[in-house]
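Okay, here's the structure, questions in a sec.
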Amino acid sequence: MRKGYNGLAGIVRNELNNDPLSGDVYVFFGKNRQIVKMLCWDKDGFALYSKRLERGVFENLQGVIQSPSQEIAYQHLVMLMSGISLVGFTTKTRYLLTKKVV
């Protein structure tokens, strides 16, 4: 986890084949899963957020995420950072927009 802005943006561009300037948040976990870094483009520059756990590790999502690059909802990212398990987690539909055809 020694990489900074440019190193992580290079991983996004070269290994994930994505555009780091898209505004998406890219999440990188350390080898021991105690450190996480989040890279995102903030209109005029990169923002890099990091968190290191003093005890415990971030959940390994091998059963949930199948590829190196996977899109997750903001709420799920917040739960992951808070220590809530996403394995076996289901979301209930709260609101469904339907169109009436007249």
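Tell me which residues, restricted to the stretch 1-37, are free of Cβ contacts under 8 Å to residues at least 24 places away in the same chain and not charged (D, E, K, R).
Those that are free of Cβ contacts under 8 Å to residues at least 24 places away in the same chain and not charged (D, E, K, R): 6, 7, 10, 11, 14, 17, 21, 22, 23, 26.
From the set of residues in the stretch 70-100 that are closer than 23 Å to residue 1 by Cβ and either modelled with pLDDT under 80 or β-branched (Val, Ile, Thr) (or both), which is surrounded by the most Cβ atoms within 10 Å (Cβ to Cβ)?
72
Let me ask another. I'm trying to understand the selection: among the residues of the stretch 12-31, which are in contact with a Pro (Cβ under 9 Å, 6 or more places away or on another chain), closer than 18 Å to residue 61 by Cβ and outside any loop (DSSP other than H, G, I, E, B)?
26
Taking the options 70, 34, name whichever one is of a type outside the set (A, V, I, L, M, F, W, C) and within 24 Å of residue 91 (Cβ to Cβ).
Result: 70 is the single residue among 70, 34 that is of a type outside the set (A, V, I, L, M, F, W, C) and within 24 Å of residue 91 (Cβ to Cβ).
Could you grab me the full set of residues in the stretch 36-63 that are more than 13 Å from the chain's Cα centre (by Cα) and surrounded by 13 or more Cβ atoms within 10 Å (Cβ to Cβ)?
Residues satisfying the conditions are 41, 46, 53, 57.
The values are calculated or read from the model by the stated rules, or taken from the named source; none is laboratory data. Everything numeric in this text was worked out from a predicted model, so none of it was measured. We place every Cβ from the backbone using ideal geometry, glycine too, and count neighbours over all the protein chains shown.
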